[in-house]
Amino acid sequence: MARWLRPLVGALLLLEGAAALSFLHHRYEELVQALFRVQSQCPYVTRIYSIGRSVEGRHLYVLEFSDYPGIHEPLEPEFKYVGNMHGNEVLGRELLLQLSEFLCEEYRRGNERITRLIHDTRIHIMPSMNPDGYEVAAKQGPDSNGYLTGRNNANGVDLNRNFPDLNTLMYYSREISGPNHHIPLPDNWKSQVEPETLAVIQWISSYNFVLSANLHGGAVVANYPYDKSQDQRFRSHRRTVNTPTPDDKLFQKLAKTYSYAHSWMHRGWNCGDYFADGITNGASWYSLSKGMQDFNYLYTNCFEITLELSCNKFPPEEDLERQWMANREALVAFIEEVHQGIKGMVSDENNNGIPGAVISVQGISHDITSGDMGDYFRLLLPGTYTVTASAEGYQPLTVTTTVGPAAPSLVHFQLKQEVVRKPVERKASGTRMNNKALQKKVVPRATRRGTQR
């Protein structure tokens, strides 16, 4: 099917019975009420939980959609959306509230596409990572909001410059053939991050997320890793350098999935900037250090992109409906991208899941690991791949598999334990043997002749 036709077909599937939604800006209390209203309307497929609190004590709430809320089902991938990381970039916050209402309503109406999505995916939606900053921005409102007013958290810190800098460690590790995934955090990392950042790091360490997007404003483009170039060039100098990940082609495809399902992102010209296909490598746009996008890729199994969704960071309420209609199909289509590549179980000979097994794909120098139950998810483009599963104490296993354009291929690994050869212990016997006789018994003939191997 032609690329331009897929979003149209998907949109038609969503149009039937679409619910009437309210298009308003939501302060913190109103946001909480909206989340709990959705949960009360769809109690059997939703759950609300908090991953922590902001500097000023506001909960960082997440709304989960699943046919078994609160439970990870083996071979069912975990997906997340994060909005409002910058408090004054508010469209993502409102879109995620709209998406939550939409998923609930369409599920209740029996929409086959949405029902299948919720039954096959565990979806986590965090409308606001920076509720304190939002309240500062909302006090001024969309008409008088400054470009930076409310951007940072209550301590004045930009949360998208606050994650541990794993890019620098990765670039150094690459030079010495070190690890290319799950790079260890510095010993003092907790003292270097804000409460909101700490909560997110602990959150993404607790769930085996596979795919994610964080929603921003100020431009219209789908941005993919790496955000930080190796020589750290800066936007103000307009010196940029494309800095691809080992999964560059896959990230481009993920970004295009959103941009082409969006009403106008794919056209390229937006907000005075031009991005071919409506996508960009982060460092090719401008280099950014300590960002959440790169951190996800280097510390976890999660592939994350950044969605810049509006020229106006705080659009007026009368523009919210138009923005929702422009983004609705893209938000759903991007979740569906979690179902591609390969997935399976890594188990031992007794069919017990092996957590932390490393899944390596020949030719792509970025590995992922199996989750607590032994299930793994590796996003891949269509093609034929040589894949190896390895775990400490087990013999590695390599297979060749073909990935199609639709559902992920099931590839299971059953690993055998390594055979540990213990040194031979000689028992004392009643017969005494002198040293010369012992040498003659066990030392190879070549050695007895004095020959070196």
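Conditions (1) touching a strand residue (DSSP E or B) at 6+ places or on another chain (Cβ under 7 Å); (2) surrounded by fewer than 18 Cβ atoms within 10 Å (Cβ to Cβ); (3) within 29 Å of VAL157 (Cα to Cα), marked per residue:
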residue	(1), (2), (3)
CYS271	yes, yes, yes
ASP277	no, yes, no
VAL332	no, no, no
ASP367	yes, no, no
GLY371	no, no, no
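Each residue in the range 52-90 was checked for being β-branched (Val, Ile, Thr) and either more than 24 Å from ARG151 (Cβ to Cβ) or not assigned by the TED database to the domain that holds TYR107 (or both), and 1 pass. Does the range 67-84 contain at least one residue that is among the hydrophobic types (A, V, I, L, M, F, W, C), at pLDDT 95 or above, closer than 30 Å to ILE354 by Cβ and open to solvent by 10 Å² or more (accessible area, probe 1.4 Å)? Within the range 67-84 (the criterion being among the hydrophobic types (A, V, I, L, M, F, W, C), at pLDDT 95 or above, closer than 30 Å to ILE354 by Cβ and open to solvent by 10 Å² or more (accessible area, probe 1.4 Å)), the answer is yes, since at least one residue qualifies.
Can you tell me which residues in the range 20-70 are touching a Pro at 6+ places or on another chain (Cβ under 8 Å) and small (Gly, Ala, Ser)? Correct list: GLY52, SER54. Within the range 106-149, the set of residues being surrounded by 15 or more Cβ atoms within 10 Å (Cβ to Cβ), more than 24 Å from ILE51 (Cα to Cα) and more than 26 Å from the chain's Cα centre (by Cα) comprises ARG108, ASN111, PRO142, ASN145, THR149. Checking each residue in the range 344-353 for being open to solvent by 40 Å² or more (accessible area, probe 1.4 Å) and either assigned to a loop (DSSP other than H, G, I, E, B) or among the basic types (Lys, Arg) (or both) picks out GLU349, ASN350, ASN351, ASN352.
Filtered by the rule that a residue be more than 23 Å from GLY87 (Cβ to Cβ) and of a type in the set (A, V, I, L, M), the range 287-346 gives LEU298, MET325, ALA330, VAL332, ALA333, ILE335, VAL338, ILE342, MET345, VAL346.
If only residues of the range 164-185 that are open to solvent by less than 50 Å² (accessible area, probe 1.4 Å) and assigned to a loop (DSSP other than H, G, I, E, B) are counted, the one that is farthest from PRO244 (Cα to Cα) is LEU185. Candidates SER191, SER205: the one that is assigned by the TED database to the domain that holds LEU91, in a helix (DSSP H, G or I), under 22 Å from THR306 (Cα atoms) and open to solvent by 20 Å² or more (accessible area, probe 1.4 Å) is SER205.
Under 7 Å between Cβ atoms, which residue pairs at least 6 apart in sequence (or on different chains) link something in the range 36-57 that is among the small types (Gly, Ala, Ser) with a partner that is open to solvent by less than 30 Å² (accessible area, probe 1.4 Å) and assigned to a helix (DSSP H, G or I)? Close Cβ pairs (under 7 Å, with a partner that is open to solvent by less than 30 Å² (accessible area, probe 1.4 Å) and assigned to a helix (DSSP H, G or I)) amount to GLY52/ALA199; SER54/PRO131; SER54/ASP132; SER54/GLU196. Determine, yes or no, whether PHE295 is under 17 Å from LEU379 (Cβ atoms) and either in contact (Cβ under 8 Å) with a residue 12 or more places away in the chain or not charged (D, E, K, R) (or both). So PHE295 does not fit the description; no. Any residue that is under 25 Å from the mean Cα position of the chain (by Cα), at pLDDT 95 or above, under 30 Å from ALA406 (Cα atoms) and crowded, with 16+ Cβ neighbours inside 10 Å - is there at least one of those in the range 27-45? Yes, some residue in the range 27-45 is under 25 Å from the mean Cα position of the chain (by Cα), at pLDDT 95 or above, under 30 Å from ALA406 (Cα atoms) and crowded, with 16+ Cβ neighbours inside 10 Å.
Considering the range 222-334, the qualifying helices (runs of 4 or more DSSP H), each wholly inside and each with 3 or more residues that are modelled with pLDDT of 95 or more, outside the structural domain of HIS366 (by the TED database) and of a type in the set (S, T, N, Q), run over 248-261. For the range 55-66, a residue qualifies if it is open to solvent by less than 10 Å² (accessible area, probe 1.4 Å) and closer than 10 Å to PRO131 by Cβ, and exactly one does: LEU60. Among all residues of the range 95-104, there is at least one that is outside any loop (DSSP other than H, G, I, E, B), among the acidic types (Asp, Glu) and either assigned by the TED database to the domain that holds ALA213 or touching a Gly at 6+ places or on another chain (Cβ under 8 Å) (or both).
The values are calculated or read from the model by the stated rules, or taken from the named source; none is laboratory data. Just so it is clear, the structure is predicted and the values come from calculations on it, not from any experiment. Positions of Cβ are generated from backbone atoms using ideal geometry, with glycine treated the same way; all protein chains shown enter the neighbour counts. These accessible areas exclude ligands, DNA and RNA; they are computed on the full protein's heavy atoms, side chains included. Shrake-Rupley method; radii C 1.70, N 1.55, O 1.52, S 1.80 Å.
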